[in-house]
Amino acid sequence: MEARHRTIILLTILLMALLLSGSYLVLQEINAVAPTQIPAEPQMISTTVGYVTMNVVIPDEGEP
Amino acid sequence: MLDTGGELSTNALALLLLIAISVSAGGMILSLGKLRGTALEPITGFATSTTGTASATVINTTAISLVISNVSFSLAQSQMDNTTDDSPGPFNVQNDGNVPVNVTINASALFISTNRNRSSFRFMCRQNEGNCQSGSASSYTDMPTANDTLLNRTVIFDLPFQDFNDSRYVDILVNVPADEPGGLRTSTVTFTAAQI
């Protein structure tokens, strides 16, 4: 095989390698990026309840 | 371009290959360049810096709870009592979130002889793990009645979230109206925390 033929084959292989690596790099970049995460809406208000109980007693006025 | 046999010369083939390589490399550089500055950045591959950055976002959460949620009195008409002496015990409001909050209060009517709480049912802030900040209810204040026009009043201003300083007492004072019938009454007290 002539030297020039070897050169052509070498260049062709190099071209294919470049094409494949370029495509691989671009796909890697796209796949590596996680979907944009939208933070949950901050909870600005919180409510809690308590209870006040009142037993209103009526004094027994009949007792001394 | 063509040799004597009518075929492409080796030099022409090499030139075409070189052009193809240039186009391919140029396309790759262009693609990577387009990715830079977008959400797809950073580009992997050759590291231009020896340091990396990790980032995390902590979402603000507003949350309060009542460590003590029930206050019970037993009084006769025209009698008055409060929780200042811890008998009965006061409400204990705790900030369970990760932001400082202002806490407001309102309550349903406690007595049936009046449809407004007014001076018969009052509240104030008292220190617990920390002091009540200026702006809190530092003295007994009339309890807003739920569904009133002036629905909420601030009871605790700037309640921190750090565990060692995230709770305050809310004292309650009741003054039984002279014409209140005997029996058991219950009022629902609503505490609302808003992120500062």
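Quick one: count up the residues across region B:56-103 that are among the polar types (S, T, N, Q), more than 11 Å from the chain's Cα centre (by Cα) and at the interface with chain A (Cβ under 10 Å from one of its Cβ atoms). Spell out the reasoning first.
In the first step, residues of region B:56-103 are kept if they are among the polar types (S, T, N, Q); the result is B:57, B:60-62, B:65, B:69-70, B:72, B:74, B:77-79, B:82-84, B:87, B:92, B:94-95, B:98, B:102.
After this cut, where a residue has to be more than 11 Å from the chain's Cα centre (by Cα) as well, the list is B:57, B:65, B:69-70, B:72, B:74, B:77-79, B:82-84, B:87, B:92, B:94.
If we keep only those that are at the interface with chain A (Cβ under 10 Å from one of its Cβ atoms) as well, we get B:57, B:65, B:69-70, B:72, B:74, B:77, B:79, B:83, B:92, B:94.
Total meeting the criteria: 11.
As an exercise: evaluate B:Asn128 against (1) more than 22 Å from the chain's Cα centre (by Cα); (2) of a type outside the set (Asp, Glu); (3) more than 14 Å from every other protein chain (Cβ to nearest Cβ); (4) not in a strand (DSSP E or B) and give the number of the one condition it does not meet.
The one condition B:Asn128 does not meet is (1).
Which condition number does B:Asp148 fail, the rest of (1) touching a Phe, Trp or Tyr at 6+ places or on another chain (Cβ under 8 Å); (2) over 17 Å from B:Ala63 (Cα atoms) being met?
It is condition (1) that B:Asp148 fails.
Anything in region B:144-177 that is without any contact (Cβ under 8 Å) to a residue 40 or more places away in the chain, hydrophobic (A, V, I, L, M, F, W, C) and either out of contact with any Pro (no Cβ under 7 Å at 6 or more places or on another chain) or in a strand (DSSP E or B) (or both)? List them, or say none.
Answer for region B:144-177, where residues must be without any contact (Cβ under 8 Å) to a residue 40 or more places away in the chain, hydrophobic (A, V, I, L, M, F, W, C) and either out of contact with any Pro (no Cβ under 7 Å at 6 or more places or on another chain) or in a strand (DSSP E or B) (or both): just B:Phe164.
Suppose the filter is at pLDDT below 95 and crowded, with 19+ Cβ neighbours inside 10 Å; does B:Ala178 pass it?
No; evaluated as a whole, the condition is false for this residue.
For region A:11-24, which residues satisfy the criterion of being within 7 Å of another protein chain (Cβ to nearest Cβ) and within 14 Å of B:Gly26 (Cα to Cα)?
A:Leu15, A:Leu18, A:Leu19, A:Gly22
Please find, among A:Ile9, A:Ile30, the residue that is farther than 30 Å from B:Phe123 by Cβ and either in a loop (DSSP other than H, G, I, E, B) or modelled with pLDDT under 75 (or both).
Answer to the check: A:Ile30.
I need the full set of residues from region B:155-196 which are within 14 Å of chain A (Cβ to nearest Cβ), over 24 Å from B:Ser87 (Cβ atoms) and within 23 Å of the chain's Cα centre (by Cα), in order please.
Scanning region B:155-196 gives B:Leu159, B:Phe161, B:Asp166, B:Thr190, B:Thr192, B:Ala193, B:Ala194, B:Gln195, B:Ile196.
Search region B:73-125 for residues being assigned to a strand (DSSP E or B) and of a type in the set (Ser, Thr, Tyr), and hand back the single one that is farthest from B:Asp148 (Cα to Cα).
My answer is B:Ser74.
The values are calculated or read from the model by the stated rules, or taken from the named source; none is laboratory data. Given the structure is predicted, the values throughout are model-derived calculations rather than measurements. FYI the Cβ positions are ideal-geometry reconstructions off the backbone, even for glycines, and counts take in every protein chain you see.
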